[in-house]
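Q: The structure is given below, and queries will be raised subsequently.
The values are calculated or read from the model by the stated rules, or taken from the named source; none is laboratory data. On a predicted model such as this, the values are computed, not experimentally measured, just so you know. With ideal geometry, Cβ positions are generated from the backbone for all residues, glycine too; neighbour counts draw on all protein chains shown. Surface areas here come from the heavy atoms of the whole protein model, side chains and all, with no ligands, DNA or RNA. Shrake-Rupley method; radii C 1.70, N 1.55, O 1.52, S 1.80 Å.
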There are 4 protein chains.
Amino acid sequence: MLKGFTVPRTPRGAAALAPSPPWHFAGDVLAVEFWNDADAAADFLPSGIELHASRAGRSVALFVDCQFTAQGDEHLDPARYQCREFIVLLDALWQGSEIAWCPYAFADNDAVLAVGWIQGYPRKIGVVRQTRTFAAAGAASAVLVDGARLAASLSAHGQLLAQGRVTLRRKADHLVGLLDRPIVARRYFPRLCAGLHHKPAVDEIVRCKMDDLLTTNVWIGDGDLVFPEAHGEELEMLGPVKVGRGFRFSFSCAISDTEVLADLAAQDSR
Amino acid sequence: MLKGFTVPRTPRGAAALAPSPPWHFAGDVLAVEFWNDADAAADFLPSGIELHASRAGRSVALFVDCQFTAQGDEHLDPARYQCREFIVLLDALWQGSEIAWCPYAFADNDAVLAVGWIQGYPRKIGVVRQTRTFAAAGAASAVLVDGARLAASLSAHGQLLAQGRVTLRRKADHLVGLLDRPIVARRYFPRLCAGLHHKPAVDEIVRCKMDDLLTTNVWIGDGDLVFPEAHGEELEMLGPVKVGRGFRFSFSCAISDTEVLADLAAQDSR
Amino acid sequence: MLKGFTVPRTPRGAAALAPSPPWHFAGDVLAVEFWNDADAAADFLPSGIELHASRAGRSVALFVDCQFTAQGDEHLDPARYQCREFIVLLDALWQGSEIAWCPYAFADNDAVLAVGWIQGYPRKIGVVRQTRTFAAAGAASAVLVDGARLAASLSAHGQLLAQGRVTLRRKADHLVGLLDRPIVARRYFPRLCAGLHHKPAVDEIVRCKMDDLLTTNVWIGDGDLVFPEAHGEELEMLGPVKVGRGFRFSFSCAISDTEVLADLAAQDSR
Amino acid sequence: MLKGFTVPRTPRGAAALAPSPPWHFAGDVLAVEFWNDADAAADFLPSGIELHASRAGRSVALFVDCQFTAQGDEHLDPARYQCREFIVLLDALWQGSEIAWCPYAFADNDAVLAVGWIQGYPRKIGVVRQTRTFAAAGAASAVLVDGARLAASLSAHGQLLAQGRVTLRRKADHLVGLLDRPIVARRYFPRLCAGLHHKPAVDEIVRCKMDDLLTTNVWIGDGDLVFPEAHGEELEMLGPVKVGRGFRFSFSCAISDTEVLADLAAQDSR
């Protein structure tokens, strides 16, 4: 009897790329609000998702530095259970409801790459870095105060793909206008049988559920963001035409569920 | 209209983790034949696959150093289109036919990780190294001659998982007793909906097809192999109780198809 | 006129591997106190340094997760100015004075490797990981409380070299018995001229100065530590025969000076 | 009695970052000849080295994929003894003699970083990739024939720093106009004592000797090369204003000696 939530399925289930959910995450986030070209952004939406007219092109880029665990104290294996992620979310509508659509995402850890695919995040492997803050004050500590500056970057295969900066202005009780709408993504697993390459085995529009989302240490300020052009990537098409606020906060959440909004593979096979 | 064989699906399809098949591979392989404990090996087989009684526990570990391309001269982007892989194949039977079953695999590249999942190989990210041979003779060249020694290793998350050595004895026209049976693996994509974590969206026993397989520069000799114990892995359960021949060869092949032998998800849902 | 504190020396001095000192560091440390075999430890001491008889074999292993900057807001380039380090310090005596001798060290960043060599730390490149703590509580946050557990590891070239664990027991005002003696190391730069390979160009016993050392958030508890045997390393010879307290703290400091205690190269050439 | 050619100096000498010379190297090289702005190139020369008037700005960029060993079959430890390097060489004159001056270099291995510093190469850690050729023909093999294309890239800290391409035109018996003059570099090891930061402990102009240099499988063709602008680097100042031939060849050599042409530290202290 083989065990494991993901491959490889093994006798004890200890080798699976990702342990069984629920997965608990905790981390620090640097986020920049921006507006991209609405026509370009619309080109990234699958049928059924539309831009939110009054907020067309409004997006956020998140650089995340985090740790995760399942039920086995996995965070005591830091070589395997830490990850850094980058994600873009576009304000959009699904059947008239406000959502945040995820067209592009990276992570630096194979377990989290797999977890992302299973949730619907279109992750690739990338290197994500973020200025850190430490408890002992000093020139290198990046203490969180008014005027403090923090930076983040994303690279993949040796190319710089995104660079963000935030100048902190004020501590806030809550994130305002960030992560306030359900995240919608696309679970997609191709088929390799000859003649069926265009018929994915899994193609679902899903709502990515997060339980017990806690945000704290919220700082809001000014953002800066660039998506340099890069060979083999299309992130620059989503690049900022205007940049808004910057955010820095800590978060924790649990993940164990997803809601299928539409089964595109089933529709297609009808 | 979004394009791309894998996620992310984008307007131009240039950002997909893996380009559309056929995928062409070429590389150098160091392989070691071995026998593991038959009871342990049997524990790694899904229902429907059985050990081959007369060859129970006979296996091979392959360390592969390769380059790949699709239809766009991708190999001219060497930062992205080179990979190193490790794979274990167990001699087994599917409905009485001889097959090689793949219980464990690693690669160092996210595109090839995705390609592996799509084919059915249970890949995780690992670091695979292999002694190389160069055209200019010298102490560091590892020229392929009788008595030459070559080594390979696999690590993941900072732990050594496999170490192989081959001492070359004779050049051969063909691989004998290696890669001479169809490779069978398991395409597996989990479901995250609450209550359905044990019901994968995709669970198929498949035959991994390889077109135009060419092997050349074949050398056969003596092998050596160890799978050190490692936290969070079960590879050591497949470790050698006896080691046989070692091989070193170059190969090329194309991949664009897979044959579904059994749809376990459909059987399960009946 | 070429500029730069280290190579490469360039017209603007912006490309130097390490910027000009002072260098400011800030980070989090997981430390484990241990005793190794006194005879083995003595074998790691250069002439002039002796074990501290009453504390023979008393040592500490530090796993450090940190950020650094010089005078140019370098910490806003997080891809380059973050590092993780591992260091062993042995209690010893220099001319009757208590010191901590550094026989073995790793870092994951080339700038810090260079900085280490210049200070006298015998750094190699390694991968150092440490369980992190985050402001938002949750199963993955590793909140610092009595009973909390944190772990750390060191790997190099795919081999696990050290693994530490700390169970927190009480918050403390100060580090007691840790980093309370001057660190002494050996600046060493070889000569490659034929016949002079045994005559290093630089060979100095030095005191590594740290300015403005600040430690805070100090927790003390129980430690655990292993140095697994590894090919091409000798760290296991310094491995624990007894393990003592564990520590977790944050620190900051500045570095811009070193004191030469003895010039072994000059003595040798006399 | 501590042993080891470099730090760390240990009882057995097995842990030294680099083993004792001679070091044997073997590998494949992709090289592109180019001309940079002569004024910019002159700014990279230390006093005593001058541009070669009739060849002002003539340079070569080499991308090297190689393996090394000392006297202990180190190449059987492929995780540690393989490296990829990038180097720029400028045609110049030392006291009227033709030399190739090395202003900028990268490698992906800490042992080779140290070896480079000891020889005088101003190496930093970078990721260097090169299209490979394999014995088994196929779309991914990059077989060496007239018209074949090969590419290479250099990145560091997630920024693309150099990209080269070569289209092969003809097999040649010898490298013509490449590696035909002695390489001259600068051994440089800083001093950290307060007040002496500008007085390096070692500052020598040296000739980097290579014994038994063998080049084979030489192909000559057309080159292409760019050095994109990058934060914290000055390589782009040496960027091509004109690109010449491209080369692809295999090499081996041994290194155990360096000749000191001038001791700048001693001159300075007089």
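Q: Look at the axis of the rotation that sends chain C onto chain A, then give the chain C residue with the nearest Cβ and the distance in whole Å.
A: Looking at chain C's Cβ atoms against the axis toward A, the nearest is C:132, 5.
Q: Based on the alpha-carbon gyration tensor of the stretch D:29-147 and its eigenvalue square roots a ≥ b ≥ c, which shape applies: rounded if a/c is under 1.5, prolate if not and a/b is larger than b/c, or oblate?
A: oblate
Q: Quick one: net charge around residue D:229, please, counting Lys, Arg +1 and Asp, Glu -1 for every other residue with C-beta under 14 Å from its C-beta.
A: Result for the neighbourhood of residue D:229: -3.
Q: Kindly give the distances from residue D:196 to its copy-mates, label point to label point, with each label point 7 Å from Cα along Cα→Cβ, as nm values to one decimal ordered shortest first.
A: Reported distances to equivalent positions: 1.9, 7.2, 7.4 nm.
Q: Still on this model: In percent, what relative contact order does the stretch B:191-246 have, based on Cα pairs under 8 Å that are 6 or more apart in sequence?
A: This gives 28 percent for the stretch B:191-246.
Q: Okay, next question. Taking only the alpha carbons of the stretch B:201-270, what extent do you get along each of the three principal axes, in Å, biggest first?
A: For the stretch B:201-270, the Cα spread along each principal axis is 49, 38, 18 Å.
Q: Residues of B:74-86, mean number of Cβ from any other protein chain within 10 Å of their own Cβ, rounded to a whole number?
A: If you average over the peptide's residues, the count of other-chain Cβ atoms is 6.
Q: Also: Say a label goes 7 Å from Cα toward Cβ at residue C:98 in every copy; what distances in nm does this one have to the rest, shortest first?
A: Shortest to longest, the spacings are 6.2, 6.5, 7.2 nm.
Q: I would also like to ask the following. Just check the stretch B:146-270 against the gyration tensor rule for me: Cα atoms, a ≥ b ≥ c as the square roots of the eigenvalues, rounded for a/c under 1.5, and otherwise prolate or oblate depending on whether a/b exceeds b/c.
A: Oblate, since a/c reaches 1.5 and b/c is not below a/b.
Q: Rounded to the nearest whole Å³, what is the per residue volume of the convex hull around the Cα atoms of the protein assembly as shown?
A: 164 Å³
Q: Pop out the ³J(HN,Hα) list for the stretch A:17-23 in order, Karplus 6.51 cos²θ - 1.76 cosθ + 1.60 with θ = phi - 60°, rounded to Hz; leave Gly and Pro as x.
A: Residue by residue, the stretch A:17-23 yields 3, 10, x, 5, x, x, 9 Hz.
Q: Still on this structure, please answer the following. Hey, can you list the residues from the stretch B:34-67 whose accessible area shrinks by 20 Å² or more with all protein chains present, relative to the chain by itself (probe 1.4 Å, no ligands or nucleic acids)?
A: Relative to the lone chain, where solvent access is computed with a 1.4 Å probe, the stretch B:34-67 loses at least 20 Å² at B:43, B:44, B:65, B:67.
Q: Another one. Rounding to the nearest 20 debye, state how big the charge dipole of the stretch A:222-270 is about its Cα centre with +1 on each Lys and Arg Cβ and -1 on each Asp and Glu Cβ.
A: 260 debye
Q: Please name which of D:254, D:215, D:230 has its Cα lying farthest along the dipole of the stretch D:203-270 towards the positive end, using unit charges on Cβ (Lys, Arg +1; Asp, Glu -1) and the Cα centre as origin.
A: Value: D:215.
Q: Mind putting a number on the dipole of the protein assembly as shown about its Cα centre? Charges go on the C-beta only, +1 for Lys and Arg and -1 for Asp and Glu, and I need it in Debye to the nearest 20. Kindly include the intermediate steps, with their values, before the conclusion.
A: On the way: 108 positive and 128 negative charges, 1 e Å.
Dipole size: approximately 0 debye.
Q: Another one. Per the 1.4 Å probe, what fraction of the accessible area of the protein assembly as shown, in percent, lies on carbon and sulfur atoms?
A: C and S fraction of accessible area: 48 percent.
Q: What residues qualify as long-range amide H neighbours of residue B:44, i.e. H under 5 Å apart, gap of 5 or more or another chain, H built at 1.01 Å from N?
A: For residue B:44, whose amide H was placed from the backbone, there are no distant partners under 5 Å.
Q: Taking R0 as 30 Å, what's the FRET efficiency between residue D:268 and residue C:73 from their Cβ-Cβ distance, rounded to 0.05?
A: Numbers: r = 32 Å, r/R0 = 1.05.
Plugging the Cβ-Cβ distance into 1/(1 + (r/R0)^6) gives 0.40.
Q: For the stretch D:103-207, with the dipole built from +1 on Lys and Arg beta-carbon atoms and -1 on Asp and Glu ones, taken about the Cα centre, which of D:198, D:138, D:161 lies farthest toward the positive end?
A: D:161
Q: Please name the residues of the stretch C:1-16 whose accessible area, counted over protein heavy atoms with a 1.4 angstrom probe, falls by no less than 20 Å² between the chain alone and the full protein assembly.
A: Residues passing the criterion (a loss of at least 20 Å², heavy atoms only) are C:2, C:5, C:7, C:8, C:9, C:10, C:11, C:12, C:14, C:15.
Q: Also, I was wondering about something else. Where a Cα-Cα gap under 23 Å defines reach, which lysines qualify for residue D:124, not counting those fewer than 8 residues away within the same chain?
A: Cross-link targets: C:3, C:124, D:199, D:209.
Q: Can you run the Rg to Rh ratio on the stretch A:13-91? Use alpha carbon positions and the Kirkwood inverse-distance Rh.
A: On the Cα set of the stretch A:13-91, Rg over Rh gives 1.14.
Q: Still on this model: Taking the Cα atoms of chain D alone, what are Rg (to one decimal) and Dmax (as a whole number) in Å?
A: Expressed in Å, the Cα Rg and Dmax of chain D come to 18.9, 63.
Q: In nm to one decimal, list the spacings between the residue A:76 label point and its equivalents in the other copies, with label points set 7 Å along Cα to Cβ, shortest first.
A: 3.9, 4.2, 5.3
Q: Continuing with the same structure: I'd like the mean, over residues of A:193-204, of how many other protein chain beta carbons sit within 10 Å of each residue's own Cβ.
A: Mean partner-chain Cβ count within 10 Å for A:193-204: 4.
Q: Taking square-rooted eigenvalues a ≥ b ≥ c of the alpha carbon gyration tensor, is the stretch D:77-173 rounded, prolate or oblate, where a/c under 1.5 means rounded and, failing that, a/b exceeding b/c means prolate?
A: oblate
Q: Where nothing but the Cβ of Lys and Arg (+1) and of Asp and Glu (-1) is charged, how large is the charge dipole of the stretch D:120-209 around its Cα centre, in debye to the nearest 20? The partial results should precede the final answer.
A: Numbers: 16 positive and 5 negative charges, 22 e Å.
Computed charge dipole of the stretch D:120-209: roughly 100 debye.
Q: Using only protein heavy atoms and a 1.4 Å probe, how much accessible area in total is buried between B and C, to the nearest 100 Å²?
A: Chains B and C together bury approximately 300 Å².
Q: Can you give the helix-only mean residue ellipticity at 222 nm for the protein assembly as shown, where every DSSP H stretch with n ≥ 4 adds -39500 (n - 2.57) and the sum goes over all residues, rounded to the nearest 500 deg cm²/dmol?
A: That calculation yields -2000 deg cm²/dmol at 222 nm.
Q: Let me ask you something else. I'd like the accessible area for residue C:3: 1.4 Å probe, protein heavy atoms, all chains in place, Å² to the nearest 10.
A: Looks like 100 Å² after rounding.
Q: Peptide A:138-150: average number of partner chain Cβ atoms within 10 Å per residue?
A: That average works out to 6.
Q: Something else now. State, in angstrom, two size descriptors of the stretch A:122-168 derived from its alpha carbons: Rg to one decimal place and Dmax to the nearest whole number.
A: Just the Cα atoms of the stretch A:122-168 yield Rg and Dmax of 13.2, 39 Å.
Q: Taking the Cβ of residue A:68 as the center, what net charge do the other residues with Cβ under 13 Å away carry, scoring Lys and Arg +1 and Asp and Glu -1?
A: Value of the local net charge: -4.
Q: Please work out how much accessible surface residue C:199 shows to a 1.4 Å probe, ignoring ligands, DNA and RNA, in Å² rounded to 10.
A: So the heavy atoms of residue C:199 present about 70 Å² to solvent.
Q: Rolling a 1.4 angstrom probe over the protein heavy atoms, how many square angstrom per residue are accessible across the protein assembly as shown?
A: 34 Å²
Q: To continue, here is another question. Can you run phi through the Karplus equation (6.51, -1.76, 1.60; θ = phi - 60°) for the stretch D:155-164 and list ³J(HN,Hα) in whole Hz, with x for Gly and Pro?
A: 9, 9, 6, x, 10, 6, 10, 7, 9, x
Q: With springs connecting C-alpha atoms under 10 Å apart, model chain C as a Gaussian network and identify which of C:76, C:113, C:235 has the largest mean-square fluctuation.
A: Among C:76, C:113, C:235, the largest GNM mean-square fluctuation belongs to C:76.
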